[in-house]
1. If we restrict to alpha carbons, what Rg and Dmax does the stretch 389-446 come to, in Å?
2. How would you rank 223-230, 445-452, 472-479, highest first, on the average number of other Cβ atoms within 10 Å across their residues?
3. Between Ser270 and Arg16, what is the label-point separation in nm under the 7 Å Cα-to-beta-carbon projection?
4. Using R₀ = 35 Å, calculate the FRET efficiency as 1/(1 + (r/R₀)^6) where r is the Cβ-Cβ separation of Asn278 and Glu6; round to 0.05.
5. Once the Cβ-Cβ distance between Ala344 and Glu74 is put in as r, and R0 is 30 Å, what FRET efficiency do you end up with, to the nearest 0.05?
6. Counting other Cβ atoms within 10 Å, keep those with at most 16, restrict to DSSP loop, and tell me which GluC sites (Glu not before Pro) in the stretch 190-259 are left.
7. Working out 0.36 nm times the residue gap between Glu51 and Thr352, then minus their Cα-Cα distance, what length gain in nm do you get to one decimal?
8. Give me Asp164, Asp426 sorted ascending by neighbouring Cβ count inside 10 Å, so fewest comes first.
Amino acid sequence: MNDSRESSLPQAFLERMKKMPGLDYDCFIKSYENPRTFGLRVNTAKISCEEFERLAPFPIQRIPWVENGYFYGEKSRPAACPYYYAGLYYLQEPSAMTPASRLPAAPGDFVLDLCAAPGGKATALGAALRGQGLLVANDISTSRARALLRNLELFGVPNLCVTDEKPEKLARSFPAFFHKIILDAPCSGEGMFRKEESLIRDWSPEKSRRLAQVQRGLLDLAVTMLRPGGMLMYSTCTFAPEEDEGAISFLLERHPEMTLLPIQGFEGFSPGIPEAGNGDPRLTDCVRIFPHKMQGEGHFMALLKKDGPSLYQSHPVSQSGKRGKKPKLSPAAPGKNTRGLIQAFLDEAGITSLGGQPFDWSRTEVRSGNVYYLPPAPVPLQEISFLRNGLFLGEIKKNRFEPGQPLALALHRREAGACISLPAADPRLMAYLRGEALPISPGEAPGVKGWHLLCADGFPIGFGKLVNGVLKNKYPAGWRIL
Ligand code: SAM
């Protein structure tokens with residue numbers, strides 16, 4: 001490692017790493033000379049990896065340990081491409097993709113991401129649910145939870161509930177509720193020193209000790225919310241033993257009903273270090289990711305299961321593939337007039353299904369003129385502070401229904417009859433994203449006027465209204481690019 005870089009790292013951190021059992025310290029420290037890598041994760045709820053590989057307008061290379069992960073070059077600009085605004089991929093550091101990729105969330109599961117902002121793991125889990133079941137994504141910080149909501153909407157996750165709540169309160173409302181929980185804990189961030197220099201300045205042994213206490217509290221609460229037979233993924237982006245194996249040692253001692261599970265491996269993964277915790281040999285089932293052994297930053301993860309009967313016994317899978325009872329008709333279901341306005345829009349845009357499932361009126365709810373599509377499972381939200389429960393479909397304005405942007409992004413390809421699909425390289429798509437009106441020639445639109453869904457190679461981007469060969473821009477101001 002070059003001296004200036006090594007000397008920029010905290011001395012106490014370096015001393016501790018030198019003593020880490022089994023670590024080749026020289027190789028570890030040398031890896032700080034290597035440039036960081038850049039990754040994107042394909043949204044397989046919208047596009048297959050094979051098709052994305054054919055369409056990608058910049059060079060990509062598979063990340064060998066994450067099925068739908070790709071490296072891209074530093075000079076590529078993946079956020080300046082219409083596919084990004086169609087929610088086809090999420091930009092994420094390659095190691096950080098690993099924990100969600102090793103938690104087997106399946107359609108119909110109730111999933112909780114307890115510390116979810118800005119949504120790297122939540123978007124992956126939301127895509128895995130395929131619109132069935134429920135994703136509760138929480139972050140204690142309201143401003144960060146707003147960014148989380150935006151990312152989940154961009155990804156087109158329809159069965160979402162985004163909360164900005166203290167985990168203690170969530171635990172009171174959701175005892176033994178979730179099939180899968182991810183706890184990507186707030187941590188000292190040592191694994192990200194190469195990526196974010198500010199973390200070096202903020203680091204101190206005291207901070208690590210304080211966070212270790214926070215993590216233990218969060219683990220306790222996560223266990224409370226996990227149903228018997230459920231799975232918990234704990235992850236951090238730090239090397240600090242007390243936040244990694246130390247936290248899992250605490251969990252195993254305090255909760256004998258929890259068992260560590262082996263994690264689907266990769267040649268670059270390193271086993272957990274028992275001496276970094278309480279010496280329990282089971283800790284080798286944890287996984288550490290070191291930057292000198294992988295093309296990614298530092299990470300830690302542990303997958304645990306709660307004892308109990310088969311996960312889905314108390315909540316069987318129904319024929320529709322959803323688990324549990326059908327929710328009752330929502331108390332704020334749209335009245336006849338409102339329903340007529342929504343239906344008129346759906347007819348005009350040629351929409352009969354949403355996210356691949358027939359449109360289900362029993363899931364629509366109207367609150368203060370805003371129309372939502374509730375998750376297909378009841379969410380006990382009494383006394384819980386939330387930003388969103390369900391997909392925002394749009395609003396009733398001047399006796400008309402105006403569709404919302406999250407609806408556009410939750411629609412699958414070819415799900416709207418009135419679709420104007422332009423090739424991704426067409427400059428009109430970026431102009432649309434800037435808020436401009438677009439000239440549309442007669443052969444490009446199925447209708448001559450009214451609501452149309454603008455798409456990039458068939459992938460929905462947003463709504464517009466066609467009038468005399470011009471698509472009036474309905475991309476919301478808050479979503480536009482500069
Ligand atoms: N999982 C996220 C992702 O993949 O994009 C990153 C999560 S980040 C490591 C940790 C998050 O925990 C931060 O957004 C922070 O606001 C949140 N946080 C901190 N303390 C918390 C607490 N007590 N309860 C819930 N969230 C908390």
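1. Cα radius of gyration and Dmax of the stretch 389-446 are 13.6, 39 Å respectively.
2. Details: 223-230: 20.8, 445-452: 16.9, 472-479: 15.0.
Most protected by this proxy first, the peptides run 223-230, 445-452, 472-479.
3. 1.4
4. Details: r = 31 Å, r/R0 = 0.89.
Result of the calculation: an efficiency of 0.65.
5. Working: r = 49 Å, r/R0 = 1.62.
In this case the efficiency is close to 0.05.
6. Numbers: sites: Glu190, Glu196, Glu197, Glu206, Glu242, Glu243, Glu245, Glu253, Glu257; in loops: Glu196, Glu197, Glu257.
Qualifying residues, ordered by number: Glu196, Glu197, Glu257.
7. Details: separation 301, 0.36 × 301 = 108.36 nm, distance 2.55 nm.
Going from the current span to full extension adds 105.8 nm.
8. On the way: Asp164 20, Asp426 16.
The fewest-first ordering by Cβ neighbours comes to Asp426, Asp164.
Every number in this text was worked out from the coordinates using simple rules, so none of it is lab data. All of these numbers come straight from a predicted model, not from anything done at the bench. Here Cβ is always computed from backbone atoms with ideal geometry, including for glycine, and neighbour counts include all displayed protein chains.
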